[in-house]
Amino acid sequence: MSVTENLKEIKSRLPAHVTLVAVSKTKPLEMLMEAYNAGQRDFGENYVQELIEKYNALPKDIRWHFIGHLQSNKVKHMAPFVHLIHGIDSLKLLQEVNKQAAKCGRVIECLLQIYIAKEESKFGLDALEAENLIASTQFSGLTNVKVVGVMGMATNTDNRETIKSEFISLKTLATHLNTKFGSKPNLNLRMVSMGMSADYELAIECGSTMVRVGSTIFGERS
Ligand SMILES: *Cc1c(COP(=O)(O)O)cnc(C)c1O
């Protein structure tokens with residue numbers, strides 16, 4: 001199946017309130033252009049250098065999502081154009097995004113990456129760390145970022161019940177934090193970024209509003 005056909009198939013399964021982020025890491029420009037010509041505008045990348053190269057080469061109405069692990073010293077490269085940063089996992093990183101956004105005269109929207117999996121290797125904050133970050137006075141002073149949701153990755157397992165309980169815990173946390181801190185001007189947790197190729201339909205059942213799908217659109221990565 002072609003990229004165009006794959007996109008059409010996935011789109012037909014998504015409710016209208018769910019945004020599809022096409023994860024294009026390691027894929028060539030031609031494949032992204034095929035998706036673009038099929039109407040896709042939200043693309044996700046994991047590596048800063050690759051993101052910059054693709055941004056420079058492709059149409060400027062693409063909304064670029066940074067979904068990888070972000071180092072503070074790389075933020076400045078994407079600050080002029082990035083649409084949404086999914087992987088905020090510390091106050092320090094958020095402060096750097098705020099600083100670089102201010103230099104560009106922008107407010108950059110961000111998601112807090114929450115650790116929901118039973119695996120050592122996944123990055124992110126736990127529920128208490130996320131709450132402490134949002135509750136801090138430093139956070140309240142960040143006027144050039146807006147935290148608009150949470151992002152998480154489920155355990156890499158075939159056990160659907162495990163994945164489901166992790167997705168539900170992320171959705172529940174977003175609701176809880178929004179109720180408690182929703183009056184802060186730089187916080188509005190309306191997005192829940194969860195679900196990838198293998199589990200996006202389950203994620204939507206559990207309240208996802210944004211799915212990040214790569215291999216089902218573009219084919220397996222080598
Ligand atoms: C690579 C990646 C995806 C897409 O994974 P697929 O299984 O190819 O759909 C989604 N989210 C993150 C954070 C990724 O790194």
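The values are calculated or read from the model by the stated rules, or taken from the named source; none is laboratory data. Keep in mind that this is a model prediction, so the values were computed, not measured. Note that each Cβ is placed from the backbone with ideal geometry, even for glycine, and that neighbours are counted across all protein chains shown. When the accessible area is computed, the model is the full protein with side chains, heavy atoms only, and any ligands, DNA or RNA have been set aside. Shrake-Rupley method; radii C 1.70, N 1.55, O 1.52, S 1.80 Å.
Quick notes on this one:
- For the residues GLY141, GLY214, the requirement of being surrounded by 21 or more Cβ atoms within 10 Å (Cβ to Cβ) and of a type in the set (Gly, Ala, Ser) singles out GLY214.
- Pairs, first small (Gly, Ala, Ser) in segment 51-76, second surrounded by 10 or more Cβ atoms within 10 Å (Cβ to Cβ) and part of a loop (DSSP other than H, G, I, E, B), C-beta under 9 Å, six or more apart: GLY68/LYS25; GLY68/ASN46; GLY68/TYR47; SER72/SER90
- Scan segment 96-119 for residues that are within 16 Å of the ligand (Cβ to nearest atom), of a type outside the set (S, T, N, Q) and touching a strand residue (DSSP E or B) at 6+ places or on another chain (Cβ under 7 Å) and the total you get is 6.
- Strands (runs of 3 or more DSSP E) within segment 22-123 that include 2 or more residues among the β-branched types (Val, Ile, Thr): 84-88, 108-114
- The set of residues in segment 96-121 that are crowded, with 17+ Cβ neighbours inside 10 Å, more than 24 Å from SER24 (Cα to Cα) and of a type outside the set (A, V, I, L, M) comprises GLU96, ASN98, GLN100.
- Hits in segment 146-158 (condition: out of contact with any Phe, Trp or Tyr (no Cβ under 7 Å at 6 or more places or on another chain) and surrounded by 14 or more Cβ atoms within 10 Å (Cβ to Cβ)): LYS146, VAL147, VAL148, GLY149, VAL150, MET151, GLY152, MET153, THR155, ASN156, THR157
- Subset of segment 29-79 [open to solvent by less than 30 Å² (accessible area, probe 1.4 Å) and either over 19 Å from the mean Cα position of the chain (by Cα) or more than 25 Å from LEU112 (Cα to Cα) (or both)]: LEU32, ALA35, LEU58
- GLU166, sole failed condition from (1) charged (D, E, K, R); (2) open to solvent by 60 Å² or more (accessible area, probe 1.4 Å); (3) within 16 Å of the ligand (Cβ to nearest atom): (2)
- Criterion applied to GLU220, GLU161 was being away from the ligand (no atom under 16 Å from the Cβ), charged (D, E, K, R), loosely packed, with under 14 Cβ neighbours inside 10 Å and free of Cβ contacts under 8 Å to residues at least 24 places away in the same chain, and the one residue passing it is GLU161.
- Those residues of segment 135-157 which are out of contact with any strand residue (DSSP E or B) (no Cβ under 7 Å at 6 or more places or on another chain) and within 14 Å of the ligand (Cβ to nearest atom), in sequence order: MET153, ALA154, THR155, ASN156, THR157
- Which listed residue is over 23 Å from LEU125 (Cα atoms) and within 16 Å of the ligand (Cβ to nearest atom), from LEU51, LEU84, LEU93: LEU51
- Residue within segment 191-212 that is β-branched (Val, Ile, Thr), touching a strand residue (DSSP E or B) at 6+ places or on another chain (Cβ under 7 Å) and within 13 Å of the ligand (Cβ to nearest atom) present: yes
- Filter pass, LYS184 being open to solvent by 10 Å² or more (accessible area, probe 1.4 Å), out of contact with any Leu (no Cβ under 6 Å at 6 or more places or on another chain) and within 20 Å of LEU93 (Cα to Cα): yes
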